[in-house]
Amino acid sequence: MAEPLSMIELLVRLSFIFLLVPCLSCPAYHKQSLLHFKSSLLTSYETSNSTSFGLESWDSISDCCKWTRVVCSSHARHITALHLGDLHMHDEFRPVDIRILDPIYGIRSLRFLNISYTGIEGEISGEGLANLTKLIYLDMSYETSNSTSFGLESWDSIFDCCKWSRVVCSSHSRDITALHLGDLHMHDESRPVDIRILDPIYGIRSLRFLNISHTGIQGEISGEGLANLTKLTYLDMSQNSLNGSIPAQLFQLRFLQSLDLSDNSLKDGLSREIGKLGNLRSLKLDRNSIDGNIPVRIGNLTRLQQFSVSRNKLLGPIPDSILNLKGLEKLDFHWINSTINTELEQIGNPSAGR
């Protein structure tokens with residue numbers, strides 16, 4: 001018959017068992033990090049219902065290694081993978097501040113991190129990523145919003161961009177020649193978009209056609225950016241919130257045939273350099289705040305068929321040089337404070353506001 005354990009031996013064995021128990025579940029600070037992440041996500045959606053995100057197993061009681069979307073090592077029980085892609089509430093997508101990831105950056109044992117398609121917006125934290133030295137897989141794609149809402153679900157890192165929606169490529173070189181990005185907003189929701197979003201596009205020097213009308217873009221047009229698009233024949237930036245003056249570099253785009261900057265807040269005068277755009281067939285500048293005189297060199301645009309500058313702040317007489325535009329089919333000077341040659345009144349029946 002075995003001898004009963006002494007009190008000291010019993011305490012030693014119990015202590016050893018209690019020391020082992022924490023090793024059977026994830027570290028407490030890992031759990032707290034994920035609960036912090038969950039709380040921030042629910043706050044972003046103004047809800048307390050974690051079931052909508054499939055995170056109902058994430059609680060303060062259970063072992064976080066048994067939570068959905070979480071994988072731990074079998075030995076140390078440290079979190080090694082987080083499958084947080086497509087984490088949103090049913091069909092509702094809301095912008096989520098990227099600082100929601102700050103607690104996750106503290107889980108240094110991570111090897112796999114997928115946070116794609118979650119609507120996260122903001123600048124990636126280099127300091128945060130520097131902690132994840134064991135990371136071998138990182139997916140942060142499709143952030144900021146639901147690409148399906150914009151019709152951009154085909155835009156990914158796998159498929160040929162020449163097969164993407166809104167993109168046209170040359171059949172020979174396969175270079176992008178056209179971008180049809182007009183009306184690019186989320187269903188009936190239109191938000192202001194910083195014009196610097198166009199900076200990457202200015203690097204596509206093969207572009208001949210660019211339509212970014214009605215996208216909510218605001219700010220000053222980048223002359224330096226447009227100067228790169230020397231092959232451009234069609235440019236539509238209408239129905240946005242563009243301000244400042246028309247950059248001089250735009251008048252260097254000698255192949256340009258159609259230019260539409262209407263329905264913006266452009267100001268200052270119309271440069272006489274406009275006369276350099278000899279291939280221009282359509283020029284729409286209406287509904288802006290352009291002031292000064294219409295330059296005489298407008299008469300150099302002998303291929304012009306449509307010209308509209310209505311509802312601006314232009315002054316002085318309309319130059320007679322416009323009579324040089326023999327192919328002009330539509331001329332609109334409505335609601336500007338300028339006098340008009342009677343011969344011009346025969347073209348499109350324009351009138352001047354007083």
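Remarks
- Distance between modelled label sites at SER173 and ILE136, nm, 7 Å Cα→Cβ extension: 4.2
- Charge sum, other residues only, whose C-beta stays under 14 Å from SER57's C-beta, Lys/Arg counted +1 and Asp/Glu -1: +1
- Magnitude of the charge dipole, the range 24-143, Cβ model with Lys/Arg +1 and Asp/Glu -1, debye to 20: 660
- Estimated vicinal HN-Hα couplings, Hz - the range 72-86 in sequence order (Karplus 6.51, -1.76, 1.60; Gly, Pro = x): 10, 6, 6, 9, 6, 6, 7, 6, 10, 8, 10, 9, 9, x, 6
- Around SER154: net Lys/Arg minus Asp/Glu count, Cβ-Cβ under 12 Å: -1
- Farthest positive-ward along the range 158-301 dipole, Cα basis, beta-carbon charges - from ILE195, VAL296, SER238: VAL296
- The coefficient of translational diffusion for the range 277-324, derived via Stokes-Einstein from the alpha carbon Kirkwood radius under 25 °C and 0.890 mPa s, stands at 220 µm²/s.
- Positive contributions from Lys and Arg (+1) and negative ones from Asp and Glu (-1), summed over other residues with Cβ under 9 Å from the Cβ of VAL296, come out at +1.
- Sorted largest first by accessible area at a 1.4 angstrom probe radius, with every protein chain in place, the residues SER73, SER39 fall in the order SER39, SER73.
- Dimensions (Å) - the range 32-93, Cα atoms, principal axes, largest first: 38, 22, 15
- Report note on the peptides 270-278, 254-262, 49-57: ranked by the mean count of other C-beta atoms within 10 Å, highest first, their order is 254-262, 270-278, 49-57.
- Sequence-distant lysines (8 or more away, or on other chains) whose Cα lies within less than 30 Å of LYS66: LYS31, LYS38, LYS134
- Of the peptides 301-310, 155-164, the order by per-residue mean of other Cβ atoms within 10 Å, starting with the highest, comes out as 301-310, 155-164.
- Note that the range 230-270 presents 39 Å² accessible area per residue, ligands and nucleic acids not counted, probe 1.4 Å.
- Heavy-atom accessible surface of the range 24-143: percent carbon and sulfur, 1.4 Å: 52
- Average accessible surface for the range 24-143: 51 Å² per residue, computed with a 1.4 Å probe over protein heavy atoms with every protein chain in place.
- The range 24-143: Cα Rg divided by the 2.2 N^0.38 Å rule of thumb: 0.99
The values are calculated or read from the model by the stated rules, or taken from the named source; none is laboratory data. Keep in mind that what you see is a predicted model, and the values were worked out from it rather than measured. Cβ atoms come from the backbone with ideal geometry, glycine included; neighbour counts cover every protein chain shown. When the accessible area is computed, the model is the full protein with side chains, heavy atoms only, and any ligands, DNA or RNA have been set aside. Shrake-Rupley method; radii C 1.70, N 1.55, O 1.52, S 1.80 Å.
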